[in-house]
Amino acid sequence: MKNKKKKAPNPMWGGRFDFGSNNVAKKYTSSLDKDKRLFKQDIKSSLAHALALREANLINRKEYSQIIKGLNKILKEIENNKFHWEEELEDIHMNIEFALEKKIGRAAQKLHTGRSRNDQVVTDLKLYLIESINEINSLITKTQKSLVNKALKFHNQLMPGFTHLQLAQPITFGHHLLAWHEMLERDYGRLIDSKNRISTLPLGSGALSGIRYNLNRNKLAKRLRFKEVTKNSIDAVSDRDFAIEFLSCACMLGLHLSRMSEEIIIWSSTQFGYIEIPEEFCTGSSIMPQKKNPDVVELLRGGSSKTIANLIGIVSLLKNQPLAYNRDMQEDKGFVFESIDYCVSSLEIFSSLVEGLKINRKRMEEDCNLGQITATELADYLVLKGVPFRQAHSVVGKIVMYADKTKLQIFDLSLEELRKFSKKIEKDVFSFLLPSESIKSRNLVGGTAPKQVLKQATKAMKMLKNRKKS
Ligand code: ARG
């Protein structure tokens, strides 16, 4: 004869098990620590599911109202830190269902009709991601506004532009800030695109094959603000493309925040001295009393590596999984949440840091007197006088060599000196050679001319102000 049955390992699925619980295995398989974060979305989707059950007459009016009240109570309890977590129960979904049963009894046992945790977990994650994208996008917009505001103010501020981190051509500081704005603009658009693809409702897919009850999936989708329902139940519970796509957007955003931070670090160094980071974003050194280190931007740069790691992480998590649901998928949330946290906290701090940046106009201008920074302009000048560009390039090369030898900049040379290299050079050359003059000539759309920058910044600000809050 069989011994008396031991306590089932889990009240939600323990029916077919004869063994008692193994605490190590329970702990190992639990995802509660991570998916606790989905409580709002889990309750929201359960509320909608309960209504669908009611409409299909699978629960009666009383049961429906008990479920709704119970779930709302649980929501309040979790929000007010009064909820009793059963660490023993695998995840947030079971915790909520178990708590509901304790509150309302039998009616709670009907809530999981026509639903599997497989379609439930992916629905919750999608809801969470949609909300997170909205939050990230409003922070991107806030950051863009800070950048564009500064670009408006500094639209005609001369500074050196770099390639290979070597002095290249004069630009305006506003123009550079608008480059950052453009990077963030693409991030914004990418996130909107990804949100569109997230917006398909998996509920109604069951474990993998669909459900036999007549739930109105389209109504459910509408209520949960999904654009449409998923069209294949196997795909619906196996699909994590949307999470990969989000993580790829987050990775690109991280990359952008990191590159911008890197420039802030360089520009704020003593040697450059172009900008000053507000003190509240810096730290001192415990040994070197003079130090003011750019730790916040360094952590923005360093932290962005998590967004790269999480993208690689989720791709490797998925690549060998057969359809449909596998428990491996539980690991997806760690990657997603960490990247969300990086994006949200980094954008928050970056936008206020940008607002507080102090600009050292003089230092930026001084550096335009180095590195023969208008040599390309001189070549352009010769081209406009009819010299083929390659020949002009070579003539200017010689002039640069001469100026370097005499420790002068090309705009310090006299007209006579310049004419030794080309008789095409005349008095009007100086409007090409002076950095403050040369920037004005880059006056096509997208160029660095103050006029263009002002125009672009004004347009950008208008666009940002009209942007709808989602
Ligand atoms: N904790 C699980 C997860 O996050 C929930 C889904 C469980 N489904 C299952 N068939 N065991 O993925």
| said: How tilted is helix 173-198 with respect to the longest principal axis of the chain? Cα atoms for both, answer in degrees (0 to 90, nearest 10). | reply: 20
| √(5λ) per eigenvalue of the Cα gyration tensor, region 195-345, largest first, Å | 45, 16, 12
| field | Karplus (6.51, -1.76, 1.60) ³J(HN,Hα), θ = phi - 60°, over region 358-373, in Hz, Gly and Pro reported as x | value | 9, 10, 9, 4, 4, 5, 4, 5, 3, 6, 7, 9, 10, x, 6, 5
| task | Tell me which residues come under 5 Å, amide H to amide H, from Ile171 once H is placed; ignore anything under 5 positions away on its chain. | result | Met159, Gly161
| Applying the Karplus parametrisation 6.51 cos²θ - 1.76 cosθ + 1.60 with θ = phi - 60° to the phi angles of region 58-65, what ³J(HN,Hα) value in whole Hz is obtained for each residue in order, glycine and proline being reported as x? | 8, 9, 8, 4, 5, 4, 4, 5
| request: On a 0 to 90° scale, report how tilted helix 241-268 is relative to the longest principal axis of the chain, with both axes built from alpha carbons and the result rounded to the nearest 10. | output: 40
| remark: With every protein chain kept in place and a 1.4 Å probe, the residues Glu366, Glu90 fall, from largest accessible area down, as Glu366, Glu90
| request: Report, in whole Å, the centroid distance computed from the Cα atoms of region 426-470 and region 371-422. | output: 25
| query | Could you give me the ³J(HN,Hα) list for region 287-301, computed from phi with Karplus coefficients 6.51, -1.76, 1.60 and θ = phi - 60°, whole Hz, x at Gly and Pro? | reply | 10, 9, x, 7, 6, 9, 9, x, 4, 4, 5, 5, 6, 4, 5
| Heavy-atom accessible area per residue, the chain, 1.4 Å probe: how many Å²? | 52
| Using 1/(1 + (r/R0)^6) with R0 = 56 angstrom and r between the beta carbons of Leu384 and Ser316, what's the FRET efficiency to the nearest 0.05? | 0.50
| message | Strictly over 19 Å apart at the Cα level, which of Lys40/Lys465; Lys69/Lys110; Lys26/Lys110; Lys292/Lys358; Lys385/Lys455 would you flag in this model? | response | Lys40/Lys465; Lys26/Lys110; Lys385/Lys455
| task | Roll a 1.4 angstrom probe over the protein heavy atoms and tell me the percent of accessible area of the chain that is carbon or sulfur. | result | 53
| query | Helix 92-104: angle to the longest alpha-carbon principal axis of the chain, degrees 0 to 90, nearest 10? | reply | 40
| Any idea how far apart Phe162 and Asn466 come out in nm if each label point goes 7 Å out from Cα toward Cβ? | 3.7
| query | How much length is gained if the chain between Lys451 and Lys227 is pulled fully straight, taking 0.36 nm per residue apart and subtracting their Cα-Cα distance, in nm to one decimal? | reply | 76.4 nm
| message | As a quick test, which of the pairs Lys76/Lys469; Lys82/Lys126; Lys27/Lys126; Lys398/Lys420 have an alpha carbon distance above 19 angstrom in this structure? | response | Lys76/Lys469; Lys82/Lys126; Lys27/Lys126
| remark: Expressed in square angstrom to the nearest 10, the accessible area of Tyr325 with a 1.4 Å probe stands at 70
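The values are calculated or read from the model by the stated rules, or taken from the named source; none is laboratory data. Note that the structure is a prediction, hence the values are computed from the model and not measured. Cβ sites come from the backbone with ideal geometry, for glycine too, and all protein chains shown count toward neighbours. Side chains are part of the model used for accessible areas, which takes the heavy atoms of the whole protein and leaves out ligands, DNA and RNA. Shrake-Rupley method; radii C 1.70, N 1.55, O 1.52, S 1.80 Å.
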